[in-house]
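Novice: Next up is a structure, given as structure tokens.
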Amino acid sequence: MSPVATLLEARMAELTGRHVPFVKATVVRARRPASARPGDIALVLADGRIEGFVGGVCAEATVRVQALRTLRSGESLLLRISPEATTDGTGEPVVEEGAVRVANPCLSGGELEIFLEPLRPAPRVVVVGDSPIARSMAAFGPALGYDITSAGVDGITPDSLAGTQAVVIASHGRDEEPVLLSAVRAEVPYIGLVASPRRGAAVLAGLDLDPGQRARIHTPAGLWIGARTPGEVAVSILAEIIQAVGGRSPEAEEALTAVDPVCGMTVAVADNTPYSEVGGDRRWFCCTGCRAAYEKDPARYPEADAS
């Protein structure tokens with residue numbers, strides 16, 4: 001294994017350990033004069049950053065768009081990138097089962113086939129407390145493919161909850177407030193408090209939160225299914241978690257895209273995507289070369305769409 005591949009393997013292990021979703025992009029075929037070679041690997045993170053190498057900036061722009069889409073769908077994809085027009089003649093991507101072909105006019109030649117594999121860690125659920133309901137959740141969660149972590153209040157901070165999709169407090173009134181505050185401040189997608197309606201309302205009223213933040217806390221936790229036993233209550237809470245987060249990573253939001261006004265490529269609107277605000281409107285580009293061409297003579301591209 002090459003030094004670069006070793007570093008990327010270590011990086012993948014780190015991201016997985018931190019419950020960070022990403023896409024592994026592997027070049028499986030390259031037709032000259034493409035700069036990438038079969039076996040080249042890159043990681044695409046949810047914010048659009050690319051670590052590794054699967055081609056030049058033009059190829060990267062297409063990989064970024066398609067990788068972010070697979071991260072949301074959770075389905076692997078074979079991406080074919082070519083400078084030639086797609087077979088239907090429209091210039092739009094041609095989608096087949098498990099594959100998509102994209103015409104990339106920026107490529108200097110050659111063709112790439114890249115396998116995009118979204119790696120989304122099992123949803124992490126932190127259960128605070130040692131009550132029968134908490135123990136039932138820890139028993140049932142793995143059957144759903146969830147990573148259930150049992151925890152006490154000690155050590156629960158916003159930082160410790162990074163990457164967590166759900167926090168359930170089932171501690172029978174013990175030290176609930178600090179955990180709730182940490183979960184809200186960490187912006188955990190689902191927060192549940194096991195309590196009666198009356199006690200739950202009293203706990204929420206005593207928290208130093210605004211109304212919108214209080215509304216994010218589910219109490220009594222769980223969907224109404226007539227649950228009575230600890231096991232039934234645990235099932236109702238897990239059902240509410242499924243309803244709330246749908247098994248998706250909170251980072252895997254729908255990718256925003258824009259059309260490069262110079263070359264016509266679809267690009268992802270991400271922090272590291274080149275853009276220009278010449279004329280007062282922001283426009284996005286596949287690479288700095290297209291941005292420079294636009295800024296040199298914006299009047300050539302009057303039909304450009306602004307974001």
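The values are calculated or read from the model by the stated rules, or taken from the named source; none is laboratory data. The model shown is predicted, which means the values in this text are computed figures rather than measured ones. Every residue, glycine as well, gets a Cβ built from its backbone with ideal geometry; the counts of neighbours run over all protein chains shown.
Novice: Of everything in the stretch 106-129 that's buried (at least 16 other Cβ atoms within 10 Å of the Cβ) and part of a loop (DSSP other than H, G, I, E, B), which residue is farthest from the chain's Cα centre (by Cα)?
Specialist: If we take residues in the stretch 106-129 being buried (at least 16 other Cβ atoms within 10 Å of the Cβ) and part of a loop (DSSP other than H, G, I, E, B), then G110 is farthest from the chain's Cα centre (by Cα).
Novice: Tally the residues that are free of Cβ contacts under 8 Å to residues at least 40 places away in the same chain and among the charged types (D, E, K, R), restricting the search to the stretch 261-280.
Specialist: 1
Novice: Somewhere in the stretch 173-195, is a residue of a type in the set (D, E, K, R) and surrounded by 21 or more Cβ atoms within 10 Å (Cβ to Cβ)?
Specialist: Residues of the stretch 173-195 that are of a type in the set (D, E, K, R), as a first pass: 174-177, 185, 187.
Retained after the next criterion (residues that are surrounded by 21 or more Cβ atoms within 10 Å (Cβ to Cβ)): 176.
Yes, the stretch 173-195 contains a residue that is of a type in the set (D, E, K, R) and surrounded by 21 or more Cβ atoms within 10 Å (Cβ to Cβ).
Novice: Going by the conditions given, is I41 at pLDDT 85 or above and closer than 20 Å to C287 by Cα? So that I can check it myself, show each step before the final result.
Specialist: On the way: at pLDDT 85 or above: yes; closer than 20 Å to C287 by Cα: no.
Answer is no for this residue.
Novice: Answer yes or no as to whether S82 is hydroxyl-bearing (S, T, Y) and either over 23 Å from P123 (Cβ atoms) or within 13 Å of the chain's Cα centre (by Cα) (or both).
Specialist: So S82 fits the description; yes.
Novice: So in the stretch 275-304, with the set limited to residues that are closer than 19 Å to V102 by Cβ and either assigned to a loop (DSSP other than H, G, I, E, B) or in contact with a helix residue (DSSP H, G or I) (Cβ under 6 Å, 6 or more places away or on another chain) (or both), which one is modelled with the highest pLDDT?
Specialist: This residue is F285.
Novice: May I ask you to list the residues in the stretch 105-132 that are closer than 18 Å to Y190 by Cβ, in contact with a Ser or Thr (Cβ under 9 Å, 6 or more places away or on another chain) and either without any contact (Cβ under 8 Å) to a residue 60 or more places away in the chain or not basic (K, R) (or both)?
Specialist: Result: P121, P123, V125, V126, V127, V128, G129.
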